[in-house]
Amino acid sequence: MIVRAVRRPSHIAARGPFRRDAWRSPLRGPWLTSVLGAALLAGLPIVALTGLLSYAAYEPALGRNNLIGDPGPLDFYVFSWPTSPSWLYALTQGLHVTVGIALVPIVLVKLWSAMPRLFDWPPLRSPAHALERASLALLVGSTLFQFATGILNAQLYYPWRFSFLAAHFYGGWVFIAAFVLHAAIKLPTMRRSLRERRLLDELRRGLDATTPETGDSPLIAPAPSAPTISRRGVLGLTGGASLGLLALTAGQSVGGPLREIALLAPHGRDLGDGPNDFQINKTARSVGIRPAQTGDAWRLAVAGGARPLELSREGLLALAQHAYELPIACVEGWSTTQTWSGVRLRDLAALAGVAAFDELLVESLQTAGSFRRATLSPGQAGDRRSLLALRVNGADLSADHGFPARIIVPALPGVHCTKWVRRLEFKVTRA
Ligand code: HEM
């Protein structure tokens with residue numbers, strides 16, 4: 001009988017990056033990793049929470065608003081998205097994208113600082129060690145996935161075949177679970193490390209005074225090379241890169257002079273003429289809207305009441321007009337506040353003889369794409385500032401901004417501010 005000796009991983013010599021002495025940076029250690037971890041502990045929950053809020057803002061329980069299918073218990077927190085303050089979605093989604101982009105350098109340097117732990121040898125020492133490594137793999141994998149898909153989506157670049165929304169939604173929950181576990185396990189080490197060295201002291205130390213950390217942490221190089229940059233330098237570069245990204249992004253939501261330097265915003269800043277010169281996500285041509293559809297023959301159908309209506313644009317302009325300064329806030333993070341005027345949705349409901357309704361289904365002339373229809377809640381459709389807008393900043397809507405008529409509702413995600421509206425249906429869904 002031939003007995004083949006099976007060597008357990010612990011008896012196999014570590015090679016390449018699995019050798020502890022392959023990692024030579026004298027800067028790595030629990031202190032540096034903890035400082036970066038503390039920054040992420042402050043920033044990542046903002047990104048995760050505002051991401052979840054974005055899901056709630058779609059009002060996924062209404063009509064066909066939920067584009068990711070039924071997520072089971074994962075939408076336990078969903079509540080009716082309010083209309084006040086009108087800038088709520090501009091704030092939450094602006095924070096989601098802007099903070100996400102600004103955290104990129106910190107995430108990358110944190111990964112670099114903890115890299116030796118990803119090459120632990122032997123790879124699996126015990127069931128507890130296996131569990132820790134699995135949670136680490138989920139944390140690193142989901143972070144990279146969320147950042148990569150989120151940034152490409154915000155740049156309107158979709159190189160994948162899967163549904164971004166579904167993948168980013170479930171990826172978000174994997175991230176949240178792994179992040180909470182990781183933070184809970186590492187919090188005591190982080191607090192201890194941060195107490196051992198004061199940040200201000202470290203920021204005063206130049207290259208000459210930069211020495212390796214001491215202790216038995218596997219992050220500390222056993223055979224460090226000489227430092228080529230101080231910890232102050234690493235933190236300064238990381239923080240500077242982060243602030244630089246913040247400055248180049250924030251203007252797309254904040255507006256004002258900052259909008260001029262929002263170079264990372266995927267939308268140019270010259271997008272129409274005069275009063276219509278502000279951001280557009282989808283032009284009329286890109287979604288196949290033809291001038292013949294929006295000309296004199298266009299009619300708005302209003303259904304669901306005792307008196308179904310067919311209204312021309314002149315007919316709509318003859319109704320009471322109301323004007324409000326409201327932001328339009330896109331899921332990709334940008335927002336812009338303009339003065340919209342048109343007919344209140346609740347006036348149209350009254351005119352059509354709608355006594356009560358649970359949902360307002362809005363349909364566009366658009367025949368393709370996920371956002372050719374959207375369902376609004378009674379709170380959204382009934383707000384006095386919720387308009388079927390016909391004009392913006394005193395001029396007719398341009399074709400690209402939704403002529404002949406579009407929806408403007410305070411705090412509603414931009415994708416639900418349907419353009420080129422052709423039909424409104426007030427529905428009763430509950431007995
Ligand atoms: C830890 C990181 C992140 C988590 C947990 C997270 C979570 C989420 C969640 C749960 C949603 C809602 C998805 C839905 O409505 O089904 C969302 C939307 C979104 N996220 Fe993130 N996200 C993360 C990072 C990022 C980053 C870094 C960016 C880009 C800078 C980003 C860009 C977006 C965009 C553009 C949307 C809106 C998509 C749409 O409604 O069309 N995300 N995020």
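Only the coordinates and a few stated rules stand behind these numbers; no lab work does. Here the structure is a predicted model, which means the values were calculated and not measured. Neighbour counts are summed over all protein chains in view; Cβ atoms, including those assigned to glycine, are modelled from backbone coordinates with ideal geometry.
Brief remarks on what is shown
- Relative contact order for segment 119-234, counting Cα pairs under 8 Å that sit 6 or more residues apart, in percent: 22
- Of Ala411, Ala226, Ala349, the residue with the greatest mean-square motion in the GNM of the chain, using alpha carbon springs below 10 Å, is Ala226.
- Over 34 Å [Cα-Cα, segment 19-261], rounded percent: 26
- Positive-end extreme of charge dipole, segment 318-422 - chosen from Trp340, Ser370, Ala320 (charges on Cβ): Ala320
- The lysines within cross-link reach of Lys427, meaning a Cα-to-Cα straight distance under 30 Å and a gap of 8 or more places when in the same chain, are Lys282, Lys419.
- Chain lengthening between Arg125 and Glu196 when straightened (0.36 nm per residue, less Cα-Cα): 22.6 nm
- Whole-Å distance, taken between Cα centres, linking segment 315-331 and segment 57-84: 25
- Nearby lysines by direct alpha-carbon distance to Lys110 (threshold 16 angstrom, same-chain neighbours under 8 apart not counted): Lys186
- Listed from fewest to most Cβ neighbours within 10 Å, the set Asp120, Asp208 follows the order Asp208, Asp120.
- Only Lys, Arg, Asp and Glu carry charge here, each on its Cβ (+1 for the first two, -1 for the last two); on that basis the chain has a dipole of about 1480 debye about its Cα centre.
- Largest GNM mean-square fluctuation across Arg161, Arg133, Arg28, computed for the chain with C-alpha springs under 10 Å, falls on Arg161.
- Anisotropy class of segment 81-127 from Cα gyration tensor, a/c 1.5 cut: oblate
- Contour excess over end-to-end distance, with Cα ends at Ala209 and Ile151 and 0.36 nm allotted per residue: 17.0 nm
- Label separation (Thr339 vs Ser80): 3.2 nm, computed from points 7 Å beyond Cα along the C-beta direction.
- Think of the chain as having a plus end and a minus end, set by charges on the Cβ of Lys, Arg, Asp and Glu; of Leu412, Ser135, Pro26, Pro26 sits farthest toward the positive end of this dipole.
- Computed E for Ser225/Leu108 - FRET, C-beta separation, R0 22 angstrom, nearest 0.05: 0.55
- For the chain, calculated [θ]222 nm from helices alone, where every DSSP H run of n ≥ 4 adds -39500 (n - 2.57): -13000 deg cm²/dmol
- Stokes-Einstein D in µm²/s, Kirkwood radius over Cα pairs - segment 275-427 at 37 °C with 0.692 mPa s viscosity: 216
- Inter-part distance where segment 89-141 and segment 159-231 are each reduced to a Cα centre, Å: 9
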